[in-house]
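To start, the structure itself, in structure tokens.
Just so it is clear, none of the values below were taken in a lab; they were calculated from the coordinates. From a predicted model like this one, the values you see are computed outputs, not experimental measurements. Ideal geometry is used to build each Cβ from the backbone, glycine not excepted, and the neighbour counts take in all protein chains shown.
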């Protein structure tokens with residue numbers, strides 16, 4: 001389940017950093033803001049541990065600003081301290097229950113805990129926000145969660161959105177491809193892998209998947225084509241050896 005979580009964190013940004021939060025501006029909130037911004041500055045450095053102190057100072061001065069708890073949650077997510085992350089994101093949500101970024105982060109925490117069904121419910125809430133800027137990522141996370149639940153046809157419907165939005169990104173394409181394979185929709189699986197190879201013609205990973213797909217369905221000339229291209233590249237030992245083993249099975253590789 002951590003796979004879903006890590007995908008979320010890879011793209012996680014403090015999108016609320018520029019918002020004022022649910023507070024009125026005064027001298028105390030200005031001081032709290034300075035600690036908050038200092039914490040954000042530390043968060044993406046090798047001294048990120050200093051961010052915690054700054055965020056906690058901000059909270060002690062102004063405990064009604066939801067952004068401070070969200071920022072703490074992101075730090076704890078980064079450190080894989082899930083219970084601490086959950087505690088803080090729930091505090092942020094209590095103060096600002098409709099903020100989509102908080103709901104998204106909460107969903108990722110639920111997924112990291114293995115609670116995929118509830119995570120999916122929360123991500124669907126985020127998708128109902130027409131202004132949410134990372135809808136493609138949310139669709140991917142829902143698709144990945146459904147894939148892990150072996151609900152492959154449902155997974156494909158969300159992954160199609162992500163692939164259409166980000167056709168050059170290989171990870172969602174491979175997940176969509178495998179969803180179609182496992183749901184028995186081989187024509188769709190072939191469409192996805194071939195279209196992706198048109199967009200990413202140098203991807204050895206995609207060529208290996210295409211080769212294995214054609215090998216499994218008995219289309220050996222097509223399989224041989226992709227395996228041969230992998231062996232000719234010789235710049236990835238793992239793929240090279242795997243492709244070579246398939247070519248040997250088909251009797252068309254000589255040492």
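How much length is gained on full extension from residue 153 to residue 128, taking 0.36 nm per residue of separation minus their Cα-Cα distance? Residue separation times 0.36 nm, minus the Cα-Cα distance, leaves 6.9 nm. Comparing 136, 60, 87 in a Gaussian network model of the chain, where Cα atoms under 10 Å apart are tied by springs, the biggest mean-square fluctuation is seen for 60.
Test of understanding: extend the Cα→C-beta vector of residue 49 to 7 Å, then name every residue of the stretch 79-114 with backbone N under 20 Å from that spot. 79-85, by backbone N distance to the label point. Between the stretch 44-74 and the stretch 160-209, the alpha-carbon centres lie 40 Å apart.
Largest GNM mean-square fluctuation among 63, 201, 172, using the chain with Cα springs under 10 Å: 201. To the nearest ten degrees, helix 237-249 and the longest principal axis of the Cα atoms of the chain are 30 degrees apart. Per residue, the convex hull spanned by the Cα atoms of the chain amounts to 137 cubic angstrom. Seen against the Cα atoms of the chain and their longest principal axis, helix 82-95 is set at about 60 degrees. Note on 113, 27: ascending count of other Cβ atoms within 10 Å places them as 27, 113, the fewest first.
Where does each of 142, 199, 103 land when they are ranked from fewest to most other beta-carbon atoms within 10 angstrom? The partial results should precede the final answer.
Working: 142 29, 199 14, 103 24.
Final ranking by Cβ density, sparse to dense: 199, 103, 142.
Here the Gaussian network model covers the chain, with springs between Cα atoms less than 10 Å apart; of 166, 62, 236, 236 fluctuates the most.
Available extension along the chain between residue 185 and residue 236 is 15.3 nm, counting 0.36 nm per residue and deducting the alpha carbon span.
Of 165, 45, the sequence from fewest to most neighbouring Cβ atoms within 10 angstrom is 45, 165.
Computed from Cα positions, the angle between helix 170-182 and the longest principal axis of the chain comes to roughly 60 degrees.
Per-residue ellipticity at 222 nm computed for the chain from its helices equals -23500 deg cm²/dmol, with DSSP H segments shorter than 4 residues left out and the rest contributing -39,500 (n - 2.57).
If the stretch 172-234 were replaced by its equivalent ellipsoid, with semi-axes equal to the square roots of 5 times the Cα gyration tensor eigenvalues, what would those be, largest first, whole Å? Don't jump to the answer; show the numbers that get you there.
Values: eigenvalues 68, 38, 14 Å².
Computed over the stretch 172-234, the values are 18, 14, 8 Å.
Shown for the stretch 80-133 is the translational diffusion coefficient from the Stokes-Einstein equation, using the Kirkwood radius over Cα pairs, a temperature of 20 °C and a viscosity of 1.002 mPa s: 192 µm²/s. One chain, two ends: residue 60 and residue 30. Fully extended at 0.36 nm per residue, the span grows by 9.5 nm beyond their Cα-Cα distance.
Size descriptors for the stretch 39-175 (Cα atoms only): Rg and Dmax, in that order, 16.2, 50 Å.
Only Cα sites of the stretch 202-255 enter the Debye sum here, all with the same form factor; the resulting log10 I(q)/I(0) across q = 0.17 1/Å is -0.40, listed in q order.
For the chain, what's the relative contact order in percent, using C-alpha pairs closer than 8 Å and at least 6 residues apart? Value for the chain: 11 percent.
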